[in-house]
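**Q** Take this structure first; my questions come after.
The values are calculated or read from the model by the stated rules, or taken from the named source; none is laboratory data. Everything quoted here is computed from the prediction, not taken from an experiment. A quick note on method: Cβ atoms are made from the backbone with ideal geometry, for glycine too, and the neighbour counts reach across all protein chains shown.
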């Protein structure tokens, strides 16, 4: 199997707090990997290590290696801006900019120096279509994104992310603030996107993990208890703690 | 006798108290503005607005003073806005909670509470004499900039702090640099608050007599360069009234000043409202 991201012996600290403990995980290319586990187990910290968003927190310290396509993303020579272009992120709460729908999707492109009107228009359309939002917003591209529903906003954030053509998309509980219908739409979208992108999704919803992902890693107290094929983890988990968690005995 | 008044009655009384407070505030505003307009409007006509003063302002118009006011206020805003917004960005986006930040904030708050006449004295000592700029539009404008700075800074900081942190996160996650994030997302999103701060600072500058008293001179002509002496409206008003030159023209000048401030406030409020509606899709 080909891997897009390889994490080896990752330790993360915030001040003295040891958040991730010796975590190793390989993320297969062009597939969906779910990260499950109770709140506070380090899932979000883990994915925020993959696009170096934790760098923004002054107390963040880490050791271990994180390889993207074989290259160490924490190498001092790595340009963080470049990395974040390759590793996009969709947040828990939809966070479109208070700008027009068009400008939201065009934002990343403009930031990376694309200003040609025709190219922008074409990319915006492609991205919105890929995010299954085009039909709903085609005629209101100049309206503010803040007027969209929560589910539409989240798909807009996905469109915004895929517009810059990342290799990896990190999704931090992307449906937790959405209603069931919007959730279904996002899940359908994830199915569609997995052919072109490597997707890592943090979720609290076990059914969601089984529906969308081929691989799953179970986090507990900052460690990975078990990882592997989703079917295997949910049907015959090796570890008692995994079984307890997925059957709802705690968490 | 009951030990307490029934809550229902207390509620009614308090409703009345709050209503009355609101109405009294409104009434005070209307009475002041109304009185100024009542005393001043008879003097205000096209000739008064566009004419030159005659006999030290005893008669004639106030056009040079209107222009003086516009010039010094413009300089104040042009100097204080980038400084104030820049400092606000530094405080909210770059600096953590360290001693320097506390010092800047404390300095700004103190600056805001210093009486304007002291700004005037400082302007005289520093701009007029030490920097040898002389009594001029520039000295007056710079002095007013110092006064407007803390207002603009604190309003901008509050506005930047209040916008959703998730906007900046979303931008950084797309590979934008910090500067791009500030320039393209943070500032546009906090623009309504920043603009309000600029207008408050501008209001402080345009209405100020004491701070320009020692710095701008008292010329009767339209200033034609930054180095010319001038006479903004509040200063003219002060001179007319204290030297007993013409109370009618003092009221007329006051009327023009009040109307200018009203126009600025109404126009910017409308613009800010429209911008906010467009931005937030309502």
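**Q** Which numbered condition trips up residue B:44, out of (1) in contact (Cβ under 8 Å) with a residue 60 or more places away in the chain; (2) more than 30 Å from residue B:138 (Cβ to Cβ); (3) outside any helix (DSSP H, G or I)?
**A** (2)
**Q** For the stretch B:173-199, what are the residues that are at the interface with chain A (Cβ under 7 Å from one of its Cβ atoms) and in contact (Cβ under 8 Å) with a residue 40 or more places away in the chain?
**A** B:189
**Q** Output the residue which, of all residues in the stretch A:137-151 that are assigned to a helix (DSSP H, G or I) and out of contact with any helix residue (DSSP H, G or I) (no Cβ under 6 Å at 6 or more places or on another chain), is farthest from residue A:186 (Cα to Cα). So that I can check it myself, show each step before the final result.
**A** Of the residues in the stretch A:137-151, the ones assigned to a helix (DSSP H, G or I) are A:137, A:145-147, A:150-151.
With the extra rule that they be out of contact with any helix residue (DSSP H, G or I) (no Cβ under 6 Å at 6 or more places or on another chain), the set shrinks to A:147, A:150.
Details: A:147: 19, A:150: 11 Å.
Top of the filtered list is A:147.
**Q** Would you check if there is a residue in the stretch B:212-228 being modelled with pLDDT of 90 or more, assigned by TED's automatic domain parsing to the domain that holds residue B:166 and part of a helix (DSSP H, G or I)?
**A** So far as the stretch B:212-228 goes, yes, one or more of its residues are modelled with pLDDT of 90 or more, assigned by TED's automatic domain parsing to the domain that holds residue B:166 and part of a helix (DSSP H, G or I).
**Q** Where residues in the stretch A:129-150 are without any contact (Cβ under 8 Å) to a residue 40 or more places away in the chain and surrounded by 18 or more Cβ atoms within 10 Å (Cβ to Cβ), which of them is nearest to the other protein chains (Cβ to nearest Cβ)?
**A** Looking at residues that are without any contact (Cβ under 8 Å) to a residue 40 or more places away in the chain and surrounded by 18 or more Cβ atoms within 10 Å (Cβ to Cβ), I get A:137.
**Q** Also: Can you tell which of A:155, A:160 is outside any strand (DSSP E or B) and at the interface with chain B (Cβ under 8 Å from one of its Cβ atoms)?
**A** Unique residue meeting the criteria: A:160.
**Q** Looking at A:76, A:38, can you tell me which residue is away from chain B (no Cβ under 14 Å), over 20 Å from residue A:163 (Cβ atoms), surrounded by fewer than 16 Cβ atoms within 10 Å (Cβ to Cβ) and touching a helix residue (DSSP H, G or I) at 6+ places or on another chain (Cβ under 8 Å)?
**A** A:38
**Q** Counting only residues that are more than 7 Å from chain B (Cβ to nearest Cβ) and surrounded by fewer than 19 Cβ atoms within 10 Å (Cβ to Cβ), how many does the stretch A:84-99 have?
**A** Count: 2.
**Q** Let me ask something else. Would you confirm whether or not the stretch B:89-103 contains a residue that is within 14 Å of chain A (Cβ to nearest Cβ) and within 30 Å of residue A:167 (Cβ to Cβ)?
**A** yes
**Q** Filter the stretch B:153-172 for residues that are within 28 Å of the chain's Cα centre (by Cα), at the interface with another protein chain (Cβ under 9 Å from one of its Cβ atoms) and surrounded by 19 or more Cβ atoms within 10 Å (Cβ to Cβ) and give the result.
**A** Once the filter is applied, which keeps residues that are within 28 Å of the chain's Cα centre (by Cα), at the interface with another protein chain (Cβ under 9 Å from one of its Cβ atoms) and surrounded by 19 or more Cβ atoms within 10 Å (Cβ to Cβ), the stretch B:153-172 yields only B:163.
**Q** Report whether or not residue B:233 is in contact (Cβ under 8 Å) with a residue 24 or more places away in the chain and either surrounded by fewer than 19 Cβ atoms within 10 Å (Cβ to Cβ) or within 14 Å of another protein chain (Cβ to nearest Cβ) (or both).
**A** In short, no.
**Q** Given the conditions (1) in contact (Cβ under 8 Å) with a residue 24 or more places away in the chain; (2) more than 10 Å from chain B (Cβ to nearest Cβ); (3) more than 21 Å from the chain's Cα centre (by Cα); (4) not in a helix (DSSP H, G or I), report the number of the one that residue A:102 does not fulfil.
**A** Going through the list (1) in contact (Cβ under 8 Å) with a residue 24 or more places away in the chain; (2) more than 10 Å from chain B (Cβ to nearest Cβ); (3) more than 21 Å from the chain's Cα centre (by Cα); (4) not in a helix (DSSP H, G or I), residue A:102 breaks only (4).
**Q** Follow-up. Looking at A:49, A:45 in this structure, which one is away from chain B (no Cβ under 14 Å), part of a helix (DSSP H, G or I) and under 16 Å from the mean Cα position of the chain (by Cα)?
**A** When all the criteria are applied, what remains is A:45.
Here is a yes/no grid of residues against (1) at pLDDT below 95; (2) over 22 Å from the mean Cα position of the chain (by Cα); (3) at the interface with another protein chain (Cβ under 9 Å from one of its Cβ atoms); (4) outside any strand (DSSP E or B):
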| position | (1), (2), (3), (4) |
| --- | --- |
| A:55 | yes, no, no, yes |
| A:82 | yes, no, yes, yes |
| A:113 | yes, yes, no, yes |
| A:122 | no, yes, no, yes |
